[in-house]
């Protein structure tokens with residue numbers, strides 16, 4: 001791989017990584033051209049390494065374009081290639097997340113409305129099959145608690161769920177006490193505290209049922225269909241209050257939408273191919289999750305400026321900074337606060353470690369103190 005033509009602002013780690021890569025696409029192509037070729041190779045079974053190899057090839061091409069783009073500055077690179085939580089410096093995994101829409105083997109955003117509707121029906125059938133399986137294999141009906149055992153990052157969702165459960169319990173206790181004070185007998189007291197639709201920690205079957213309801217409303221049906229007589233599969237239309245409850249519990253709302261708009265792959269593509277900037281928009285929407293996941297202080301140059309320059313390098317054009325800011329505003333509003341907490345937490349941890357090292361503590365003692373500090377913070 002030739003290393004000439006890079007700008008002097010390209011990070012050393014990025015240059016070193018590029019020197020090990022073979023560029024699979026023409027340099028003069030746009031990312032739209034790369035995505036089309038990538039998909040053609042999938043259809044022709046020309047990716048021996050599958051989607052992993054495809055992703056690496058797209059990222060290598062995109063990195064090369066940035067490395068040779070005069071206006072992609074050192075500060076812009078800092079958004080992409082700053083050290084991540086796994087101590088990586090080359091920016092590969094951030095770029096992989098950003099460029100996923102151009103890599104996808106099954107490009108949902110290129111399907112016709114009929115193809116999308118058929119795919120939705122297949123998803124619905126799969127969910128129905130899984131629900132039937134859970135009837136005979138309840139150990140597979142995992143809860144949030146089970147999920148957190150494998151993916152600790154899901155702990156906040158479990159905490160939220162537990163909080164709702166505690167609120168429901170407190171409501172029941174309060175209702176029972178009021179009933180007893182009013183002179184109710186034991187049976188009446190229990191009825192007052194018990195709510196048939198009371199909150200419990202959701203399990204896989206709950207999410208699958210919610211998914212089926214959402215899918216079938218997506219298809220425009222007023223009532224989902226399923227096995228007769230089973231309340232889990234046959235869900236009547238929800239009242240506004242019930243819909244609000246379901247949204248709080250599962251993070252799912254039940255508004256109707258067109259089948260053509262239900263399938264997304266890496267972002268909001270709009271109406272492709274009538275919308276020429278569909279892939280560009282998807283890539284822009286994929287930036288926030290990648291660049292705000294960091295524990296180093298972000299550069300002073302705005303993310304919108306970096307995104308604009310990257311789009312010019314990859315697509316040959318870009319929306320205005322104002323348009324980019326409007327597109328990423330919802331995700332930024334959610335991700336930036338957590339980024340700041342992560343940075344502050346890392347800074348606090350580094351300061352503590354520095355004091356312990358200065359006090360002469362061993363590495364084992366420092367690890368014990370860090371663990372104790374983590375428990376105290378929880």
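Points worth noting:
- Consider segment 132-164 and keep the residues that are outside any helix (DSSP H, G or I) and over 18 Å from the mean Cα position of the chain (by Cα). The one that is farthest from residue 208 (Cα to Cα) is 137.
- Scanning segment 71-82 for residues that are outside any helix (DSSP H, G or I) and buried (at least 19 other Cβ atoms within 10 Å of the Cβ) turns up 72, 82.
- Apart from one condition, residue 51 fits all of (1) without any contact (Cβ under 8 Å) to a residue 24 or more places away in the chain; (2) more than 21 Å from residue 318 (Cα to Cα); the exception is (1).
- The residues listed here are 113, 143; of these, the one that is in contact with a strand residue (DSSP E or B) (Cβ under 6 Å, 6 or more places away or on another chain), more than 30 Å from residue 344 (Cα to Cα) and modelled with pLDDT under 85 is 143.
- Pairs are defined by a Cβ separation below 7 Å, a sequence spacing of at least 6 or placement on different chains, a first member in segment 164-185 that is at positive phi and not assigned by TED's automatic domain parsing to the domain that holds residue 202, and a second member that is modelled with pLDDT of 80 or more and surrounded by 14 or more Cβ atoms within 10 Å (Cβ to Cβ); no pair meets this definition.
The values are calculated or read from the model by the stated rules, or taken from the named source; none is laboratory data. Quick caveat, the model's predicted, so the values are computed rather than measured. For neighbour counting, all protein chains shown are included, and Cβ atoms are generated from backbone atoms with ideal geometry for every residue, glycine included.
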